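Q: The structure under discussion is supplied below as structure tokens; questions concerning it will follow.
Nothing in this text is a laboratory measurement; each read-out follows from the coordinates by a stated rule. Just so we're clear, the structure is a prediction, and the values are computed from it rather than from any experiment. Methodologically, a virtual Cβ is constructed for each residue, glycine included, from the backbone with ideal geometry; neighbour enumeration extends over all protein chains shown.
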6 protein chains.
Amino acid sequence: MYYLYEITDFLDEYLQINKFRDLSSNGLQIEGKGSVETVGFTVDACMESFLKAKELGVDLLIVHHGLIWGGLKFLKGIARKRIKFLLENEISLYTAHLPLDAHDEVGNNIQIMKLLSGSSEGFFAEHEGIKIGVFGEIEKMEVSELKKRVDSVLNTTSRVLNFGRNEIEKISIISGSGSFAIEEASQISDCLITGEYRHEAYHVAKELEFNVIFAGHYETETVGLKALMEKLNERFDVRTIFIDVPTNF
Amino acid sequence: MYYLYEITDFLDEYLQINKFRDLSSNGLQIEGKGSVETVGFTVDACMESFLKAKELGVDLLIVHHGLIWGGLKFLKGIARKRIKFLLENEISLYTAHLPLDAHDEVGNNIQIMKLLSGSSEGFFAEHEGIKIGVFGEIEKMEVSELKKRVDSVLNTTSRVLNFGRNEIEKISIISGSGSFAIEEASQISDCLITGEYRHEAYHVAKELEFNVIFAGHYETETVGLKALMEKLNERFDVRTIFIDVPTNF
Amino acid sequence: MYYLYEITDFLDEYLQINKFRDLSSNGLQIEGKGSVETVGFTVDACMESFLKAKELGVDLLIVHHGLIWGGLKFLKGIARKRIKFLLENEISLYTAHLPLDAHDEVGNNIQIMKLLSGSSEGFFAEHEGIKIGVFGEIEKMEVSELKKRVDSVLNTTSRVLNFGRNEIEKISIISGSGSFAIEEASQISDCLITGEYRHEAYHVAKELEFNVIFAGHYETETVGLKALMEKLNERFDVRTIFIDVPTNF
Amino acid sequence: MYYLYEITDFLDEYLQINKFRDLSSNGLQIEGKGSVETVGFTVDACMESFLKAKELGVDLLIVHHGLIWGGLKFLKGIARKRIKFLLENEISLYTAHLPLDAHDEVGNNIQIMKLLSGSSEGFFAEHEGIKIGVFGEIEKMEVSELKKRVDSVLNTTSRVLNFGRNEIEKISIISGSGSFAIEEASQISDCLITGEYRHEAYHVAKELEFNVIFAGHYETETVGLKALMEKLNERFDVRTIFIDVPTNF
Amino acid sequence: MYYLYEITDFLDEYLQINKFRDLSSNGLQIEGKGSVETVGFTVDACMESFLKAKELGVDLLIVHHGLIWGGLKFLKGIARKRIKFLLENEISLYTAHLPLDAHDEVGNNIQIMKLLSGSSEGFFAEHEGIKIGVFGEIEKMEVSELKKRVDSVLNTTSRVLNFGRNEIEKISIISGSGSFAIEEASQISDCLITGEYRHEAYHVAKELEFNVIFAGHYETETVGLKALMEKLNERFDVRTIFIDVPTNF
Amino acid sequence: MYYLYEITDFLDEYLQINKFRDLSSNGLQIEGKGSVETVGFTVDACMESFLKAKELGVDLLIVHHGLIWGGLKFLKGIARKRIKFLLENEISLYTAHLPLDAHDEVGNNIQIMKLLSGSSEGFFAEHEGIKIGVFGEIEKMEVSELKKRVDSVLNTTSRVLNFGRNEIEKISIISGSGSFAIEEASQISDCLITGEYRHEAYHVAKELEFNVIFAGHYETETVGLKALMEKLNERFDVRTIFIDVPTNF
């Protein structure tokens, strides 16, 4: 058993929570009970995750997408229902959005690179002064082969814009929504791996003659949480659970 | 019995909630149960008011000082405890801050003028494009007499800066914290009646040779709520209760 | 033959170009030749559209997504290539982004409503003071039937989140990316029809027990241009062409 | 006799005037005569202080609350009268607001700690990136005893919110108006000592079961000036005078 | 003899002082004596004007360029000397910057048009939502002839960029510094008349094949003051004086 | 022959392009052909310079005043004509505005100091955190002599405000438009040398009893480019050309 603050203090420091300017309120968004035995990890702060968390006896739930973006003006509708559930069940909600994308050990992007057995060479795609994305080298393979590997390691079904050269050696990675950085990615890699498809990506990739693999918003953002889970296990003697709530959409 | 939205829609319109730029989130801050039989009115959103509200079976609590100022970043500490209590007990929290100071029927300032049997002549003390304060004429009296009347109608013990002329005919009123407008008040009246004492008021009043009566932050902000309570009673067949939680400080 | 400014002056006024605060520079973004005989209409400002426009002898190309968002800092890479092509070929580029979503005659949203034989009842989903979306009533039908109709009139293959009640009578519409307004849509309709799927939509729709039809970003934004094309034809004796560049993705 | 700039250059550097983002224009606000023999120190820039300064032959007056906050738009009314007096009498006005609250040697907070024979342990209560308040340990005593000591060393009559535990070992200090930081103070100390009472403090302290001593806005802000006076005496061979203008209110 | 406020109230309303967003603090910048017999008018708030104003017994000085731009942070150096002089001599300073450029009766631009016997057709050159410049028709003449007329009516020696057609029928006017609007001016007139030469004007005029007459910053800004002087004379029984302090540079 | 990026990468680093907050988009504003043999240098991005650049076979044109200030919203009129010309002729445009004023080796200000055989002592005149101007000592001479020297080394005809003492030993320099810093300059030097005359300079210099030499906006900004040209020649084996387009106005 640990005091809540022992764990959140560790997370705040390890994830450098205060270094990021982010619409998301990062850190302990909702304070639940003061002691923690079981820590849950899930991508989205939603009722489905919360119900499972409760069932599983989770005291502290760590998420990538929290409940508070840009400050809460009103507790009505969905926001109210979700917050009410957490408060009544005394489940704490800890959020790490950009800090978990960009982290150099457990970050989503560095973890995807690792799963693809690539070697990271640097960061790119700056957001408010901090580079979020990762790029580097992988074993040479064709786009179709890379798609298979991505699907396999992330357990997903990617969609591909195959407008670039077929041989891939250099990749760049931005979990979640990375279409905004396609042009920069095309200058440092042969293919961008990102999560969610955006309309604006199509013609940009086409005209740059560049490849983009969309591996799913959800799927690209589970890996950082899983790595963080391991890290927490090394450090604290708590029970940890990954709560998988894919949208399959 | 009414649907919650029937009452809040009325309040939003009657108080012109959306006309004001205010740090306070005005309107329904916390959504409780969907039906309303009992409406409570109190100055401050605090545990003491909430506990009484619960005891009295309040479904909807209308306050002057709500829980959300400038957007809520985190639900921790006091904020969490208060919100948790309201959510668990399904008490809705409706907030009217500046809209209740400045309202031309039930506003705190116009109501204080009325209690002093004065006749309002206009508004002053602009905040983001809207004038909040009220000024006008009262029966001629000495400062000491005016203090007595204020103490009597607001049930308070005022503190007085008596630096101006002793005969009062014109008064100006800003409930709560009105020291910022002393100079403007001195141009249109013989005495400002406001709530809370601020250090910056002393020398300004002294050099302007002007009178200020500090009638208490709490005390000057009960009257608008009481007037709104009456208005609501006229309009809806609900039980209404004023919850008095003075700080006596 | 018309002077360029005769047509752009008409468009500026008819579409109320200056009423909107929009990241997009709305109006004549790139000035081409001074006289206009052929006007092209296409959704995206991209090389594929430009090449077709050139082939078809287009003098003025009217688009929904232009080339300038938030001011151009540098003319490098793709931006340079696209602008160079237009300038060299003297093709003018006129952009109507939000003004074409929200227009009450030729707007994307009002046009989709019309194609579904619905009757508009009002606007919703405010952006910087202007409501962009449309809601109203259609003939009662099941979600699956509505999806078929949407697919048929927009020539698309929609994806559906069918979490709400099956009988649809009231619909709400936001072309392009409308996930941000699902909660508001759920209060005034049984189903939201929008363009692009966003990850954040899934759990919101699920918890609201609400239906969302994603008809494709591209497909929901062709209809306003087509309506504007008709309008222009009524008014000016020019040749008009719709340039279809779907992404099929 | 010194040149004015010799003294103001020293103050600018010693107080790190340019490190703070502050509504107050810190530094030499009003330039008077070029040579300085007598330096006055007073809390507020007001006519009463100015008249005494003149009588006492002050060339340079150093204050905590100056005349310019957020830029002067107009020289009318009180502002004009005060500035006119200083200019006509060639008295320079030097202002140190936040730089004098937070200074680690002569700051108001560190000085109050010293007067209470406490040992400072750190800073808290961040304002625009700089921590203003001081916290630390004192000899264990009861709240009532602490109040007596505060009253004695600051020559004041404090008001106390005694909602916390009676035994005090850790205290936190914010001169002037420190109610905004009660919650943070309650996490690192048993009692907050601050200057001015604010309505919002009451219920926060009550619900946190925390003690607050309000020692007066004026009284808590004399000590930094007195310490700075000593410092100046060590460094320059000038006559120095503390001008006491309490409001006793 | 009038109370100061009688005249400034009239000016505030007549010049619509509060309608403009302007770096200049428009209105009564420095309050002098309460009664007014003599009103001076001059372009620049500078010592030379002030000294003459004093000599001439001016109580209220009305200027185009005042002393406060964007808020005064410090009263040091020149700012201090000028303000000190006005305060000591109790000369009030009233400023009308953009309100006097753009006014439709006494504005600098409309007055220059009148002096050139032109007929105004409209306003152009928007600044924060208000159009400042004037354009219209004059008797047809050559550029060289227009320059002569400008020199004659404004008592100046203009510099001319004669890159446009020689026959002038339409002119546009912006007093002071109008180079920022050359491109707009070239679309509605044959020649822009403005005050001060700016480096950026040269190539813009050249490439637009457009004429610009630079009649001097000072000279283009005396006419509005003179017209306002007449207006004031009609309205108030005061002595008025125009104080001419040309820079001849 | 070099790749374009080899030269622009060098310039970005050598000129510390990213250190400055500047309205000008500094760096490669317009991308032309990928390889560079001839580099042109000119003060203003205008058609006259561009035509000469083309004639001379320039691949990359380096300017002080570029085409993009504060982001380009529309490509119309002059902006369009200029950009079209560059794009069609594949001439790259590289801009160094403040970075070239303030540079400590090739900056305009340090270069003017050098041409006057002065010794720099420091920087002054801060803009967004960076000091732009240079001050230092020269051989003692009279103002009239200094004017002659300035005219000779800059090949210009200066205008002089000779309000200060006649003997000059200390000078301060701000190329282009430096009137905003006259007061600061007067505290550290006997004479300011700047480019463009501004109306506001006259009375400030007069009241400060200070000298200002206006050497021409154009003329004061050729020297940095010429020094940069030399630097580039040392580093790269390219043909370089200075394109002189004075305005003589």
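Q: When only C-alpha pairs under 8 Å and at least 6 residues apart count, what is the relative contact order of the stretch B:102-217, in percent?
A: Once normalised by length, the contact order is 24 percent.
Q: Could you give the nm distance between label points at E:Ile188 and D:Asn166, where each point is 7 Å from its Cα heading toward the beta carbon?
A: 8.0 nm
Q: Continuing with this model, one more query. Which distances, shortest first and in nm, link E:Ala79 to the matching position in the other copies, using label points set 7 Å out along Cα to C-beta?
A: Listed shortest first, these distances are 1.1, 3.4, 3.7, 3.7, 4.1 nm.
Q: Determine the shielding of peptide C:88-99 by partner chains: average, over its residues, the number of Cβ atoms on other chains within 10 angstrom of each Cβ. Mind showing how you got there, number by number?
A: Numbers: counts 3, 0, 1, 0, 3, 2, 0, 1, 0, 0, 0, 0.
That average works out to 1.
Q: Name the nearest-to-axis residue of chain A, judged by Cβ distance to the rotation axis taking chain A onto chain B, and quote that distance in whole Å.
A: Residue plus distance in Å, as requested: A:Gly71, 1.
Q: I would also like to ask the following. For the stretch F:56-104 and the stretch D:26-57, what is the separation of their C-alpha centers, rounded to whole Å?
A: Each part reduced to its Cα centre gives a spacing of 54 Å.
Q: Suppose R0 equals 45 Å. What FRET efficiency, 1/(1 + (r/R0)^6) with r the Cβ-Cβ distance, do D:Glu90 and E:Phe180 give to the nearest 0.05? Walk me through the numbers on the way to the answer.
A: Working: r = 42 Å, r/R0 = 0.94.
With a Förster radius of 45 Å, E is 0.60.
Q: Could I ask something else about it? Among the listed pairs C:Lys131/F:Lys73; A:Lys54/B:Lys54; D:Lys76/E:Lys33; B:Lys170/D:Lys76; D:Lys84/E:Lys81; E:Lys33/E:Lys84, which are separated by more than 18 Å between their Cα atoms?
A: C:Lys131/F:Lys73; A:Lys54/B:Lys54; B:Lys170/D:Lys76
Q: Shifting gears a bit: What angle, in degrees between 0 and 90 and rounded to the nearest 10, separates the Cα long axis of helix F:4-14 from the longest principal axis of the Cα atoms of chain F?
A: Taking the Cα atoms of chain F, the angle to F:4-14 is about 20 degrees.
Q: Which value, in debye to the nearest 20, gives the size of the charge dipole of the protein assembly as shown about its Cα centre, when Lys and Arg are +1 and Asp and Glu are -1 at the Cβ? Don't skip to the answer; put the middle values down first.
A: Details: 156 positive and 234 negative charges, 1 e Å.
Computed charge dipole of the protein assembly as shown: roughly 0 debye.
Q: Identify the residues of the stretch E:202-235 with backbone N under 15 Å of a label point that sits 7 angstrom from the Cα of E:Phe10 along the Cα-to-Cβ direction, or state none.
A: In the stretch E:202-235, the label zone of E:Phe10 (backbone N under 15 Å from the point 7 Å along Cα→Cβ) covers E:227-235.
Q: Shortest first and in nm with one decimal, please list how far the A:Arg235 label point sits from its counterparts in the other copies (point 7 Å along Cα→Cβ).
A: Label-point distances to the other copies, shortest first: 4.3, 4.4, 5.3, 6.2, 7.0 nm.
Q: Shielding by partners for F:198-206, please: the mean number of other protein chain Cβ atoms within 10 Å of each residue's Cβ. Walk me through the numbers before you get to the answer.
A: Details: counts 5, 13, 7, 2, 10, 11, 3, 0, 4.
The mean count of partner-chain Cβ atoms within 10 Å per residue comes to 6.
Q: Shifting gears a bit: So what is the relative contact order for chain B, in percent, with contacts set as C-alpha pairs under 8 Å and at least six apart?
A: On the way: 540 pairs, mean separation 50.3, N = 249.
Here the relative contact order equals 20 percent.
Q: Most mobile of E:Ile78, E:Ile182, E:Ile213 per a Gaussian network model of chain E (Cα springs, under 10 Å)?
A: Greatest mean-square fluctuation among the candidates belongs to E:Ile78.
Q: So how strong a dipole does the stretch D:102-220 carry about its Cα centre when Lys and Arg Cβ are +1 and Asp and Glu Cβ are -1, to the nearest 20 debye? Write down the numbers at each step before the final one.
A: On the way: 11 positive and 20 negative charges, 70 e Å.
Rounded to the nearest 20 debye, it is 340 debye.
Q: Let me ask another. Against the longest principal axis of chain C, how steep is helix C:143-154, in degrees 0 to 90 to the nearest 10, with axes from Cα atoms?
A: Helix C:143-154 and the main axis of chain C meet at about 10 degrees.
Q: For helix C:77-88, what angle does its Cα long axis make with the longest principal axis of chain C, in degrees from 0 to 90 and rounded to 10?
A: Roughly 50 degrees between the two axes.
Q: Packing-wise, with mean Cβ within 10 Å as the measure, how do D:192-202, D:150-160, C:55-65 rank, highest first?
A: Numbers: D:192-202: 24.4, D:150-160: 17.5, C:55-65: 21.8.
The most tightly packed comes first, giving D:192-202, C:55-65, D:150-160.
Q: Across peptide F:24-34, how many C-beta atoms of other chains are within 10 Å of each residue C-beta, on average?
A: Numbers: counts 0, 5, 2, 3, 3, 5, 6, 8, 3, 0, 0.
The per-residue average across the peptide is 3.
Q: Using a label point 7 angstrom from Cα along Cα-to-C-beta, what distances in nm, from shortest up, separate E:Glu37 from the other copies?
A: Spacings between copies for this position, smallest first, are 4.1, 8.0, 8.0, 8.4, 9.4 nm.
Q: Using alpha-carbon positions, what is the distance between the centroids of the stretch A:148-220 and the stretch C:229-249, in Å?
A: That distance is 32 Å.
Q: Between E:Glu209 and F:Tyr3, what is the spin-label point distance in nm, taking each point 7 Å from the Cα along the Cα→C-beta axis?
A: 4.4 nm
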